[in-house]
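Bear in mind that the values in this text are calculations on the coordinates, not laboratory data. Computed from a predicted model, the values in this text were never measured in an experiment. Heads up, the Cβs are rebuilt from the backbone with ideal geometry, glycines too, and the neighbour counts pull from every protein chain shown.
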Amino acid sequence: PGMLAPARETYLAAVAIGRRDPATGLPRAVGLAWADASVGAFACAQWSADDLPHALQAELARLSPAETLVSAAVARDDAPERAWLRPYTLSACPDDAFEPESARIRLCRHFGVATLAAYGCERLPLATAAASAIIQYIERVNAPLLALLSDLRAYDTHGYVEMDAHVLRALEVVEPAHAVEGGASQQGATLLATLDATRTPMGARLLRRTLLHPLRDRATLETRLDAVAELVERLSLRQRLGPLLDGLGDLERLAARIAQGAAVPRELLALASGLGRAPAVVQALADCAATALGETRAELDPCADARDLILRAVADPAEATGRRLRAGYSADLDALVDAASETRQWIAALEGLERERTGIRSLKVGYNKVFGYYIEVTRPNLARVPSDYQRRQTIATGERFVTAELKEHEAQALHAEERIAALDGELYAALLAELARSHARLRRTVGALARLDCWLSLAEVAVARRYTRPQLADDAALEIVGGRHPVIEATLDGVEFIANDTRLDDLAHDDDPTRAMLLTGPNMAGKSTYLRQVALITLMAQVGSFVPAVRARIGLVDRLFARVGAEDDLARGLSTFMLEMVETAFILRHATARSLVILDEVGRGTSSADGLAIAQAVIERLCSVTGARTLFATHYHELARLAGTLPRLSAWRMEVAERDGQAIFLRRVVPGASDHSYGVQVARMAGLPADVTARAAALLSQ
Ligand code: ADP
Ligand code: MG
């Protein structure tokens with residue numbers, strides 16, 4: 001456990017590539033499975049050609065697996081699918097590890113069932129193949145972990161808002177965009193860090209997973225929001241739950257260590273002490289109104305039997321008896337311990353008895369590794385040594401002896417220690433096996449605690465930062481009043497964050513709904529911040545969080561797209577114009593009328609004439625054909641004239657005041673188009689020498 005990051009999962013994944021369609025050269029389907037043996041999570045999914053490769057890549061981006069198993073054929077450098085898996089550490093398995101029929105048989109054998117129907121993957125041969133590859137691999141490298149993979153969940157990513165790696169990076173959901181290798185400078189600047197007030201590692205992991213899996217289903221989200229809302233409203237409930245979760249520890253991984261047969265006494269006691277708090281949590285939730293809180297309470301089985309067993313059985317490691325089980329747990333063990341201690345007492349008393357018997361006052365009983373116990377007599381007293389002493393060793397100051405009785409006791413003591421250790425080990429293993437049978441219940445309880453921790457965190461941050469409950473809608477409108485960027489707001493200490501509104505209409509709204517915003521403004525005016533804030537508020541609403549806005553009405557989105565133009569992305573070192581266009585092409589091909597698209601300075605990677613032309617064509621397409629909700633930011637203010645000609649598009653600009661030739665950024669989004677780019681003013685703010693900026697200003701007016 002000490003080698004794993006506490007607040008995130010470490011996944012082993014497997015990708016099974018199906019047979020290629022000769023027409024397209026692409027696989028007809030792909031399966032993915034993943035496992036986190038530290039908690040016993042095991043799941044699989046499958047996608048058909050329509051979703052490939054983006055759905056697979058998006059899922060891998062969320063999981064960010066530590067190791068990914070593929071067949072030897074896919075691991076080869078020239079395999080076309082290898083490119084899909086480029087960023088991941090691949091391990092090649094024999095090709096037959098992914099053969100669907102033997103995979104099905106292996107999985108059935110692993111679970112001890114005749115059909116996989118109960119696991120939901122009966123009709124998912126490639127998901128099954130991937131899951132089986134994981135089982136086979138773990139069997140080979142660490143068989144005891146297999147016990148943990150006692151359940152498999154087939155899932156469908158279509159229930160989640162699809163976000164690819166670009167979106168995760170552009171929005172800095174769990175990782176800062178410009179994370180420098182090894183540098184921790186920007187650690188705090190992510191959505192996760194802003195929302196994370198969790199108190200337990202399993203709660204922190206759940207929050208991370210939650211943010212990576214925004215949902216499309218309104219009913220589920222409302223249930224979550226009800227829970228968060230009740231916690232927001234009831235200070236006393238928060239105050240009761242907080243201390244109960246504080247310092248609870250990683251019960252999820254502790255429970256898994258039991259199932260794995262690896263838990264040490266300290267871990268069992270930590271689990272027992274954590275479980276000891278469950279009844280109080282149940283009680284605190286007794287009068288909750290929110291359905292989800294009620295369900296959580298119902299799932300919170302304090303596992304009193306497991307806890308009692310641990311407390312009855314496990315010795316306090318601080319007593320350092322060398323035994324794992326406490327006195328009173330096993331009569332057999334106690335008898336052995338008593339016998340051993342009698343023997344030790346006999347040996348301890350021997351010195352006194354022998355001094356008396358022989359009259360040798362300096363006689364000593366000692367122990368060394370080579371000869372064991374001995375009686376030592378100094379040279380002047382050797383004449384008084386009794387006849388039953390057997391000489392063993394001569395030393396400078398005298399002689400060392402043993403007696404038959406001493407040897408016998410010594411053998412007894414040794415034997416007793418061995419038997420104690422053996423029985424202690426045997427009983428402890430049996431205890432773990434007994435506890436392991438409660439693993440499923442323990443997991444459910446721990447899962448409930450994690451959920452509570454996660455919701456409490458969302459509620460506490462909502463209160464502290466004055467977030468409000470979003471109104472969710474099934475239409476495709478988006479309306480935010482007084483929206484703020486949750487992360488920037490939290491990092492601007494002292495400076496006020498300027499809130500802004502957003503309004504995009506549903507397509508059915510009237511004959512000229514606004515579906516896209518074209519936002520112009522100089523560099524540094526706040527365009528990127530605004531775009532991201534709209535996307536982040538949407539994402540937050542769709543994970544069931546309150547949002548940083550006075551009021552928000554979110555028509556649920558099916559997919560989030562974000563493309564950040566070349567220059568803004570240069571720090572990644574991989575932005576070329578080509579890449580930018582590949583990604584834009586992807587958005588144009590996959591966005592729907594329910595999607596939210598954010599395009600920040602797209603078209604920058606080429607000359608401004610090209611860039612403008614491309615940007616205009618892209619916007620036209622998104623607005624008129626796709627109808628996706630789109631926010632497009634650019635410092636090319638020339639683009640804004642588009643707004644006059646395109647239906648569904650409205651032009652906005654970042655308000656800038658000018659005083660004595662200085663640009664003052666008001667950070668307010670106002671209607672209209674920016675008329676110039678304030679490049680010279682920005683250059684002056686950046687510290688370009690005054691004569692240079694003066695010359696530039698003169699050239700500009702010329
Ligand atoms: P642009 O994309 O127009 O160049 P950014 O969005 O990167 O500008 O914003 C530049 C900086 O301005 C941000 O890092 C932030 O510190 C500040 N900022 C942006 N929007 C706001 C706002 N609404 N309130 C306060 N500060 C803001
Ligand atoms: Mg920008």
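To test your reading of the geometry: what angle, between 0 and 90 degrees and rounded to tens, separates the Cα axis of helix 125-141 from the longest principal axis of the chain? Compared with the principal axis, the helix lies near 30 degrees. Summing +1 for each Lys or Arg and -1 for each Asp or Glu among the other residues whose beta-carbon sits under 9 angstrom from that of Leu649 gives +1.
Would you mind checking the tilt of helix 100-111 against the longest principal axis of the Cα atoms of the chain, expressed as 0 to 90 degrees and rounded to 10? Result, in degrees: 50.
Here the extension length gained between Ala349 and Asp50 equals 99.2 nm, from 0.36 nm per residue of separation less the Cα-Cα distance. Taking amide H as placed 1.01 Å from N in the peptide plane, Gly555 has its amide H under 5 Å from the amide H of Ala473, Ala477, Leu478, Glu479, each at least 5 places away in sequence or on another chain. Peptides 485-498, 191-204, 656-669 ranked from most to least packed give 191-204, 485-498, 656-669, packing being the mean of other C-beta atoms within 10 angstrom over each peptide's residues. Taking Cβ atoms as reference points and 13 Å as the exclusive limit, the residues near Pro470 contribute a net charge of +2, counting Lys and Arg as +1 and Asp and Glu as -1.
Amide H to amide H, with H built 1.01 Å from N, Arg326 comes under 5 Å of Val314, Ala315, counting only residues 5 or more places away or on other chains. For Val161, nonlocal amide neighbours, meaning residues 5 or more places apart or on other chains whose placed amide H falls under 5 Å from its own, are Leu215, Arg216. Bridging of Lys407 to lysines at a Cα separation below 23 Å is possible for Lys364, Lys369, once same-chain residues fewer than 8 apart are set aside. Projected onto planes of every orientation and averaged, the convex hull of the alpha-carbon atoms in the stretch 236-344 covers 8.6 nm². Give the distance, in whole Å, between the Cα centre of the stretch 649-674 and the Cα centre of the stretch 360-385. Value for the Cα centre distance between the two parts: 98 Å. From the largest down, the chain spans 122, 64, 57 angstrom on the principal axes of its Cα atoms.
Counting only helical runs of four or more DSSP H residues, what would the 222 nm mean residue ellipticity of the chain come to if each run contributes -39,500 (n - 2.57) and the total is spread over all its residues? Using -39500 (n - 2.57) per qualifying helix, the result is -13000 deg cm²/dmol. Work out the FRET efficiency for Glu222 and Asp512 from their Cβ-Cβ distance, taking R0 = 45 Å, and round it to the nearest 0.05. Calculated value: 0.90.
Along its three principal directions, the equivalent ellipsoid of the stretch 149-290 from the Cα gyration tensor extends over semi-axes of 28, 23, 18 Å, largest first. How far is it, in nm, from the label point at Asp305 to the one at Ile105 when both lie 7 Å from their Cα along the line to the Cβ? Taking the simple label geometry, Asp305 and Ile105 are separated by 3.7 nm.
Projecting label points 7 angstrom from Cα along Cα→Cβ for Ser608 and Ser701 puts them 1.9 nm apart. The Cβ shell under 14 Å around Tyr428 holds other residues with a net charge of +1, Lys and Arg each +1, Asp and Glu each -1. Peptides 239-251, 218-230 ranked from most to least packed, by the mean per-residue count of other Cβ atoms within 10 Å: 218-230, 239-251.
Over the stretch 470-541, the alpha carbon radius of gyration divided by the compact-protein estimate 2.2 N^0.38 Å works out to 1.22. Here the extension length gained between Phe586 and Ala117 equals 165.3 nm, from 0.36 nm per residue of separation less the Cα-Cα distance.
Relative to the longest principal axis of the Cα atoms of the chain, helix 577-590 runs at roughly 90 degrees. Distance between the modelled labels on Arg659 and Tyr367, one decimal in nanometres: 8.4 nm (7 Å Cα→Cβ projection). Just so you know, the Cα atoms of the stretch 584-702 work out to an Rg and Dmax of 16.7, 51 Å.
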